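Colleague: One structure, pasted below without further comment.
The values are calculated or read from the model by the stated rules, or taken from the named source; none is laboratory data. On a predicted model such as this, the values are computed, not experimentally measured, just so you know. We place every Cβ from the backbone using ideal geometry, glycine too, and count neighbours over all the protein chains shown.
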2 protein chains.
Amino acid sequence: MKSEELYALLRRRGVLWPTAEIYGGAQGLYDYGPLGTALKRRLEDAWTAWFVGRSPDYYRIEPSVIVPEAVVRASGHLENFTDPEISCDRCGAHFRAETVLEKVRPEGVDGLAPNQIEEVVRANGLRCPSCGSTTLSVPKPFNLMFDLPFGVGRDERAYLLPETAQASYLAFARMWEVGRKALPLGVAVVGRVFRNEIAPRQVLFRMRAFTQAELQIFFDPAEPPGHLGPRAEELVPVLRADRREQGATDTQLVAARDLVAGGLPEFYVDHLVHMLRFLRDVLGYPAERLRFFEKSEKERAFYNRIQFDAELELESLGGPKEVGAVHYRGDYDLGRHGAASGKDLSVSRPSGRVVPHVLELTFGVDRNLWALADTHLRQDGDRTVWKLPSYLAPVPVGVFPLIAKEHRAYAERLVADLAVAGVEAAYDEASSIGKRYARMDEAGTPFCVTVDGGTVGDGPERDTVTLRARDSKAQERLPATALAARIAPTLRPPRPGPG
Amino acid sequence: MKSEELYALLRRRGVLWPTAEIYGGAQGLYDYGPLGTALKRRLEDAWTAWFVGRSPDYYRIEPSVIVPEAVVRASGHLENFTDPEISCDRCGAHFRAETVLEKVRPEGVDGLAPNQIEEVVRANGLRCPSCGSTTLSVPKPFNLMFDLPFGVGRDERAYLLPETAQASYLAFARMWEVGRKALPLGVAVVGRVFRNEIAPRQVLFRMRAFTQAELQIFFDPAEPPGHLGPRAEELVPVLRADRREQGATDTQLVAARDLVAGGLPEFYVDHLVHMLRFLRDVLGYPAERLRFFEKSEKERAFYNRIQFDAELELESLGGPKEVGAVHYRGDYDLGRHGAASGKDLSVSRPSGRVVPHVLELTFGVDRNLWALADTHLRQDGDRTVWKLPSYLAPVPVGVFPLIAKEHRAYAERLVADLAVAGVEAAYDEASSIGKRYARMDEAGTPFCVTVDGGTVGDGPERDTVTLRARDSKAQERLPATALAARIAPTLRPPRPGPG
């Protein structure tokens, strides 16, 4: 589906809509409705099970989204978290430099200095995208953070978190005390972050407030975390930076062991594979649409030693889009916060005092929610079916009375019984069973249960119901009391195996 | 326990700590660590099961925490969401008027106009609490909202949500379309809200960013939601406004039916009882420490027609503290947003077009997390035991190898197997079994499992483990494979019965 079509469907079904919709919306802000809220929750749970569940020394925390200025000064965000912005002196509109240069430089402006951007503008006689005049300003850095007047005097400055990672770095010293005082130590956050984007767009892909799921793994560089073990033969789809510089644009399938032989650290490749398996096996993205896009030294943030972005080809957005990334950040983060706070963030190791290095696994929750719609919502004849795995389905079960008046009481009790057994079900009595199936198919519900005359009667079908599976359309008759045991195990997200 | 003692314990165990602790913290901001994050999550789930689970027409949504200015102008927050503030002309310190007047007016300043507050200051010769001089300013209103420079020109204003309720009102029109187009319709939000408090204090009781769980029930005043039914005889602890005005301070136990006979609407009393049962039966607060404190017309916000605050006597804070409330807000909210947005928020009803009324059930998640520590953490001889119900316990199960070297592999596999079965367990091999029990007791863990020589041997105890219950201290031997089925049902929060 095209982006507009997909967005219209998600809006109609109450998955999401623009914030303050009755006031005309607010650029770059969205509200999740009932289906979106449940899907987002399950996506976050699946991420947590897969990434945080990998080690008993990995923990999830919930930090404040406001931090004092000292934090973003030390992290470098105050100085560097900027996008080059160009405004029009005539009409007053503001643009990301990338947008103004789009036609002549589709690869973006990463790595260009403001004067280089200006040169491109002049050389090509670029005009204001809004009013068409040639009165474009000199590019200047625009800080993407939201600042707050903090405290009563409104004289302190505080900032909304621009990335969850900072909160994990701040927590390291406390988590070292709370945990086993052992490395690797993982600190994960699933939480909101905020960026005053110059040009929010593509719905959930560039928002002003969004949810990240990030795991920071603190480790001793002398004992890096992770070995490939049985994952050595896994084929990883990569587009390497050196090949790109020679003009290549095709994805190669390279065995994990060969990536290591080619110079990438084993622990890093191990986490690429772990991310790949999450995207492909847990979320169910088609393997052929996935690739790991390596950022060159010029393209990546200076503190990142290695960076591969996980990209997914999206029909709705017409190309590969970043949905996650693996960053090897070295000791930059704890080094900076240690120096700025005056708190020694090194820890005692066999080799002496060590400032832990950081491997960051990052994942965009909203983007992936959109991607789950893009990749899993399909036309199947005249049905629109959202083929979500059961453990991601917002509503796992639909319960229908065949005839509302006669079977309502039984069906409602069944919904309550399933809830008590940990299986959430939605009751629906409106229109024909076929239409109810169709509504549930579109909402991603994997199981539908119908209560009928046999269920409430005295014959051999008493207390049995019809269970219909979304994907196979198979129907079967079974005791109502057997439903929970049948369905509940499919609702738990996969966890990584040992090793 | 006293507040400082309780806070020290919670901090040491990694339940929570001040935000940016290594920088000296940030006033009124806290981060939740692993235990706090899990407890908060379960508390939110229990709230959702109890309140949103009461009707298939009640839904949970996840809105943006940033809203455009038009929203807070219409809601009245721009004009009225203020605290009277007094500053000192000499030392520059700022105070809530309440704080300056504390000794002469312990009942607070609700309902006093700025000139009345000033009169109290002058009449009593009050001095600056910080420098002691008599140079206190005239009280002036201080708006508690955080405003953001929004957009590239930084010329639009946006605000951090001061209460989740507004997001539900904004969503009403969309939810009407998405739902069954029927009243009552419930829209719940569990989410962060933000207030630039003049004087944050009492740890989780006055924070600058905190989590509310709120359910807005939209209803037709001709058909109000809820009947007492079997709840008519429930004794509700109340302190009525009229009795307070006559000087009474004692809580009365009044049957629900008598509150109705005395003039409160039945639907309102029904929700008081529902809230009471949640606090007493689900969260397990001692009944004798709970009361519903009625706000008089003068004390409550002008749009509230009826307001009872749920208060809990807290040892740590030395008195009754608000932990939730039931507000009958009439048609104020949809009326204001309808007029300001130009969108007709009335709906078609048998009696014609009706602007729905709102009953608001509000609950402070952080405050209740603190309250669960205050009320459930106990000294039992030399044990410190956090007697949380299983469905609220951050870590439901501890798994211990009796001898790490010999039983580790089995115990680790057991942790993984329990996780797959939906039961989260923590592995602990450090120090004696007794010390491990003690650590788990303090963390609120209801079940501990020990793997020993019998478990891994070839004798009759093969594949059996010892299960120890926190509260009874009873131990029993059972097959490892039977654990999940024994424990899982205790982890699901109670749901309201039918009717």
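Colleague: Which one is surrounded by the most Cβ atoms within 10 Å (Cβ to Cβ), of the residues in the range A:406-423 that are within 17 Å of A:Phe447 (Cβ to Cβ) and in contact (Cβ under 8 Å) with a residue 40 or more places away in the chain?
Modeller: The residue in question is A:Ala411.
Colleague: With the condition kept exactly as written, say whether any residue in the range A:477-490 is within 24 Å of A:Ser431 (Cβ to Cβ), under 40 Å from the mean Cα position of the chain (by Cα), assigned by TED's automatic domain parsing to the domain that holds A:Val423 and surrounded by fewer than 18 Cβ atoms within 10 Å (Cβ to Cβ).
Modeller: Looking through the range A:477-490, at least one residue is within 24 Å of A:Ser431 (Cβ to Cβ), under 40 Å from the mean Cα position of the chain (by Cα), assigned by TED's automatic domain parsing to the domain that holds A:Val423 and surrounded by fewer than 18 Cβ atoms within 10 Å (Cβ to Cβ).
Colleague: Would you mind telling me which numbered condition in (1) at pLDDT below 95; (2) closer than 14 Å to B:Ala26 by Cβ; (3) facing chain B (nearest Cβ under 10 Å) A:Gln166 fails?
Modeller: (1)
Colleague: Which of the residues that make up the range B:8-25 are more than 8 Å from every other protein chain (Cβ to nearest Cβ), under 20 Å from the mean Cα position of the chain (by Cα) and farther than 21 Å from B:Val395 by Cβ?
Modeller: B:Pro18
Colleague: Here's another thing I want to ask about it. Kindly provide the set of residues from the range A:120-143 that are of a type in the set (A, V, I, L, M) and surrounded by 15 or more Cβ atoms within 10 Å (Cβ to Cβ), ordered by number. Step through it out loud before you land on a result.
Modeller: Filtering the range A:120-143 for residues of a type in the set (A, V, I, L, M) gives A:120-121, A:123, A:126, A:136, A:138.
Matches in the range A:120-143: A:Val120, A:Val121, A:Leu126, A:Leu136.
Colleague: OK, next. Could you tell me whether the range A:272-279 includes any residue that is assigned by TED's automatic domain parsing to the domain that holds A:Pro356, at pLDDT 95 or above and of a type in the set (Lys, Arg)?
Modeller: Scanning the range A:272-279 turns up at least one residue that is assigned by TED's automatic domain parsing to the domain that holds A:Pro356, at pLDDT 95 or above and of a type in the set (Lys, Arg).
Colleague: Turning to a different aspect of this structure: Within the range A:26-40, can one find any residue that is under 18 Å from the mean Cα position of the chain (by Cα), more than 10 Å from chain B (Cβ to nearest Cβ) and under 30 Å from B:Gly422 (Cα atoms)? Explain how you work it out, then say what you get.
Modeller: Taking the range A:26-40 first, the residues under 18 Å from the mean Cα position of the chain (by Cα) are A:28-33, A:35-40.
From what's left, more than 10 Å from chain B (Cβ to nearest Cβ): A:39.
Imposing the further condition that a residue be under 30 Å from B:Gly422 (Cα atoms) reduces the set to A:39.
So far as the range A:26-40 goes, yes, one or more of its residues are under 18 Å from the mean Cα position of the chain (by Cα), more than 10 Å from chain B (Cβ to nearest Cβ) and under 30 Å from B:Gly422 (Cα atoms).
Colleague: I'm told A:Phe142 meets every condition in (1) touching a Cys at 6+ places or on another chain (Cβ under 8 Å); (2) within 11 Å of chain B (Cβ to nearest Cβ) except one. Can you identify the failing condition by its number?
Modeller: (1)
Colleague: Considering each of A:Leu290, A:Leu312 in turn, give the residue that is out of contact with any Cys (no Cβ under 7 Å at 6 or more places or on another chain), under 18 Å from A:Lys2 (Cβ atoms) and not aromatic (Phe, Trp, Tyr).
Modeller: On the way: A:Leu290 fails: under 18 Å from A:Lys2 (Cβ atoms).
Result of the check over A:Leu290, A:Leu312: A:Leu312.
Colleague: Also, I was wondering about something else. Can you find a residue in the range A:356-364 that is buried (at least 17 other Cβ atoms within 10 Å of the Cβ), outside any strand (DSSP E or B) and touching a Leu at 6+ places or on another chain (Cβ under 7 Å)?
Modeller: Taking the range A:356-364 as the starting set, the residues that turn out to be buried (at least 17 other Cβ atoms within 10 Å of the Cβ) are A:356-364.
Going one step further and asking which of them are outside any strand (DSSP E or B), we end up with A:356.
From what is left, the residues that are touching a Leu at 6+ places or on another chain (Cβ under 7 Å) are A:356.
Yes, some residue in the range A:356-364 is buried (at least 17 other Cβ atoms within 10 Å of the Cβ), outside any strand (DSSP E or B) and touching a Leu at 6+ places or on another chain (Cβ under 7 Å).
Colleague: Which one is nearest to A:Arg60 (Cα to Cα), of the residues in the range B:414-424 that are part of a helix (DSSP H, G or I) and facing chain A (nearest Cβ under 9 Å)?
Modeller: In this case the residue turns out to be B:Ala419.
Colleague: Can you tell me how many residues within the range B:60-85 are more than 10 Å from chain A (Cβ to nearest Cβ) and either touching a Ser or Thr at 6+ places or on another chain (Cβ under 8 Å) or under 21 Å from B:Arg201 (Cα atoms) (or both)?
Modeller: The number of residues fulfilling the criteria is 3.
Colleague: Is one or more of the residues making up the range A:28-38 modelled with pLDDT under 90 and buried (at least 21 other Cβ atoms within 10 Å of the Cβ)?
Modeller: Step one: of the range A:28-38, the residues modelled with pLDDT under 90 are none.
No, the range A:28-38 has no match at all.
Colleague: Looking only at the range B:45-59, decide whether some residue is modelled with pLDDT of 95 or more, within 9 Å of chain A (Cβ to nearest Cβ) and crowded, with 23+ Cβ neighbours inside 10 Å.
Modeller: Yes, the range B:45-59 contains a residue that is modelled with pLDDT of 95 or more, within 9 Å of chain A (Cβ to nearest Cβ) and crowded, with 23+ Cβ neighbours inside 10 Å.
Colleague: Can you tell me which residue among A:Leu204, A:Leu259 is buried (at least 18 other Cβ atoms within 10 Å of the Cβ), away from chain B (no Cβ under 14 Å) and among the aliphatic types (A, V, I, L, M)? Outline the logic, then answer.
Modeller: Working: A:Leu204 fails: away from chain B (no Cβ under 14 Å).
Sole residue among the options that is buried (at least 18 other Cβ atoms within 10 Å of the Cβ), away from chain B (no Cβ under 14 Å) and among the aliphatic types (A, V, I, L, M): A:Leu259.
Colleague: Same structure, new question: Select, from A:Tyr437, A:Tyr427, the only residue that is under 30 Å from A:Tyr7 (Cα atoms), in contact (Cβ under 8 Å) with a residue 24 or more places away in the chain, surrounded by 14 or more Cβ atoms within 10 Å (Cβ to Cβ) and away from chain B (no Cβ under 11 Å).
Modeller: Numbers: A:Tyr427 fails: away from chain B (no Cβ under 11 Å).
The conditions single out A:Tyr437.
Colleague: Would you tally the residues in the range A:179-194 being out of contact with any Phe, Trp or Tyr (no Cβ under 8 Å at 6 or more places or on another chain) and either buried (at least 18 other Cβ atoms within 10 Å of the Cβ) or of a type outside the set (A, V, I, L, M) (or both)?
Modeller: We begin by selecting, within the range A:179-194, every residue out of contact with any Phe, Trp or Tyr (no Cβ under 8 Å at 6 or more places or on another chain); these are A:180-182, A:189, A:191.
Those left that are additionally either buried (at least 18 other Cβ atoms within 10 Å of the Cβ) or of a type outside the set (A, V, I, L, M) (or both): A:180-181, A:189, A:191.
Counting residues in the range A:179-194 that are out of contact with any Phe, Trp or Tyr (no Cβ under 8 Å at 6 or more places or on another chain) and either buried (at least 18 other Cβ atoms within 10 Å of the Cβ) or of a type outside the set (A, V, I, L, M) (or both) gives 4.
Colleague: What number goes with the only condition from (1) surrounded by 24 or more Cβ atoms within 10 Å (Cβ to Cβ); (2) at the interface with chain A (Cβ under 8 Å from one of its Cβ atoms); (3) of a type in the set (Gly, Ala, Ser) that B:Ala173 does not pass?
Modeller: Single failed check for B:Ala173: (1).
Colleague: Where in the range B:228-341 are there strands (runs of 3 or more DSSP E), lying fully within it, with 3 or more residues that are closer than 26 Å to B:Val203 by Cβ? Show your work before the answer.
Modeller: Values: elements: B:235-239, B:252-255, B:290-294, B:306-314, B:319-330.
Filter on the range B:228-341 gives B:290-294, B:306-314, B:319-330.
Colleague: In the range B:102-124, which residues are of a type in the set (Gly, Ala, Ser) and under 31 Å from the mean Cα position of the chain (by Cα)?
Modeller: We begin by selecting, within the range B:102-124, every residue of a type in the set (Gly, Ala, Ser); these are B:108, B:111, B:113, B:123.
Within the range B:102-124, B:Gly108, B:Gly111, B:Ala113 meet the criteria.
Colleague: While we're here: For B:Glu429, work out the one condition from (1) in contact with a Phe, Trp or Tyr (Cβ under 8 Å, 6 or more places away or on another chain); (2) closer than 30 Å to A:Leu491 by Cβ it doesn't fulfil.
Modeller: Checking B:Glu429 against (1) in contact with a Phe, Trp or Tyr (Cβ under 8 Å, 6 or more places away or on another chain); (2) closer than 30 Å to A:Leu491 by Cβ, the one that fails is (2).
Colleague: Let me ask you something else. For the range A:398-413, enumerate the residues that are touching a strand residue (DSSP E or B) at 6+ places or on another chain (Cβ under 8 Å) and either among the polar types (S, T, N, Q) or within 13 Å of chain B (Cβ to nearest Cβ) (or both).
Modeller: Quick first cut of the range A:398-413, residues touching a strand residue (DSSP E or B) at 6+ places or on another chain (Cβ under 8 Å) only: A:398-402, A:407-408, A:410-412.
Correct list: A:Gly398, A:Val399, A:Phe400, A:Pro401, A:Arg408, A:Tyr410, A:Ala411, A:Glu412.
Colleague: Of the numbered conditions (1) closer than 19 Å to A:Glu214 by Cα; (2) without any contact (Cβ under 8 Å) to a residue 24 or more places away in the chain, A:Gln246 fails exactly one; give the number of that condition.
Modeller: (1)
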